[in-house]
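Colleague: Have a look at this one.
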């Protein structure tokens with residue numbers, strides 16, 4: 001390989017890393033958009049790495065998901081909310097189009113975070129849910145759903161989150177050493193994590209401690 005062939009890829013990697021660091025710095029600049037203390041019930045232990053790879057925690061949440069069975073009773077993600085997000089329930093083609101949105105999750109103290117609202121305007125949501133220690137606003141994808149048992153009652157569903165796992169770096173990850181991944185449908189509470197949300201609605205961990 002020529003020197004030029006070696007230098008160019010290396011320069012591209014360095015440029016990508018630098019751009020990533022700039023993005024992280026911008027997200028974390030200034031006051032956090034939100035700061036919450038979450039337990040294992042809301043942030044499940046997905047995998048435990050070695051001293052170099054750290055730990056990944058996954059958001060555990062409940063709400064209108066894009067999967068059956070659909071709830072029989074109306075939810076907050078009704079036809080009015082669909083129209084607010086840019087859907088026309090009368091157009092069949094719109095049922096196939098996922099859309100980017102901001103989703104509000106409430107820390108209820110229960111088994112998981114609870115999705116309670118969605119909008120294309122994060123600032124409007126924050127005005128509606130001003131408690132930054134209780135409500136977390138994350139980016140995600142939503143979609144229109146039409147239950148077979150109620151075709152005249154279209155509703156929305158959250159398809160996925162843009163960031164579903166949160167990386168726990170050293171030294172915070174040491175508090176989780178020796179723990180096994182969280183089982184499905186678990187109500188365990190082996191640790192507490194302080195999570196901050198930046199100006200770009202990207203989360204990061206600022207502390208982690210084992211439960212007594």
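The values are calculated or read from the model by the stated rules, or taken from the named source; none is laboratory data. All values derive from a computational prediction rather than experimental measurement. Positions of Cβ are backbone-derived with ideal geometry, glycine not excepted, and every protein chain shown enters the neighbour counts.
The rows are residues; the columns are (1) touching a helix residue (DSSP H, G or I) at 6+ places or on another chain (Cβ under 9 Å); (2) surrounded by 18 or more Cβ atoms within 10 Å (Cβ to Cβ); (3) within 30 Å of residue 97 (Cα to Cα).
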site: 155; (1), (2), (3): yes, yes, yes
site: 165; (1), (2), (3): no, no, yes
site: 169; (1), (2), (3): no, no, no
site: 174; (1), (2), (3): no, no, no
site: 177; (1), (2), (3): no, no, no
site: 181; (1), (2), (3): no, no, no
site: 200; (1), (2), (3): yes, no, yes
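Colleague: Still on this structure, I have one more. For region 36-45: of the residues being within 14 Å of the chain's Cα centre (by Cα) and in a strand (DSSP E or B), which is surrounded by the fewest Cβ atoms within 10 Å (Cβ to Cβ)? Reasoning before the result, please.
Modeller: Here is the first cut: in region 36-45, the ones within 14 Å of the chain's Cα centre (by Cα) are 36, 38, 42-44.
Now narrow it down to the ones that are in a strand (DSSP E or B): 36, 38, 43-44.
On the way: 36: 22, 38: 21, 43: 27, 44: 19.
That would be 44.
Colleague: Return the residue satisfying two criteria in turn: it lies in region 126-153 and is surrounded by 19 or more Cβ atoms within 10 Å (Cβ to Cβ) and closer than 18 Å to residue 87 by Cβ, and of such residues it is modelled with the lowest pLDDT.
Modeller: Across region 126-153, the extreme among qualifying residues is 145.
Colleague: I'm trying to understand the selection: among the residues of region 77-98, which are assigned to a loop (DSSP other than H, G, I, E, B) and more than 11 Å from residue 156 (Cα to Cα)? If you could, list the steps in order and put the result at the bottom.
Modeller: Applying the first criterion (assigned to a loop (DSSP other than H, G, I, E, B)) to region 77-98 yields 77-78, 85-91, 97-98.
Once the filter is applied, which keeps residues that are assigned to a loop (DSSP other than H, G, I, E, B) and more than 11 Å from residue 156 (Cα to Cα), region 77-98 yields 86, 88, 90, 91, 97.
Colleague: From the residues in region 55-76 that are assigned to a loop (DSSP other than H, G, I, E, B) and at pLDDT 90 or above, which one is farthest from the chain's Cα centre (by Cα)? If you could, list the steps in order and put the result at the bottom.
Modeller: Pass one, region 55-76, residues assigned to a loop (DSSP other than H, G, I, E, B): 60, 63-64, 66-76.
When the remaining residues are screened for being at pLDDT 90 or above, the result is 60, 76.
On the way: 60: 9, 76: 19 Å.
Within region 55-76, the match that is farthest from the chain's Cα centre (by Cα) is 76.
Colleague: Which residues, counting only those in region 99-130, are in a helix (DSSP H, G or I) and in contact (Cβ under 8 Å) with a residue 60 or more places away in the chain? Break it down stepwise before answering.
Modeller: Start the filter on region 99-130 by keeping residues that are in a helix (DSSP H, G or I), which leaves 122-128.
Selection gives 122, 126.
Colleague: Residue under question is residue 143, and the condition is that it be closer than 16 Å to residue 63 by Cβ, in contact with a strand residue (DSSP E or B) (Cβ under 8 Å, 6 or more places away or on another chain), in contact (Cβ under 8 Å) with a residue 12 or more places away in the chain and not in a loop (DSSP other than H, G, I, E, B); does it hold?
Modeller: Judged against the criteria, residue 143 is a match.
Colleague: Determine whether residue 195 is out of contact with any helix residue (DSSP H, G or I) (no Cβ under 7 Å at 6 or more places or on another chain), within 17 Å of residue 42 (Cα to Cα) and outside any loop (DSSP other than H, G, I, E, B).
Modeller: Here the answer is yes, as residue 195 does meet what is asked.
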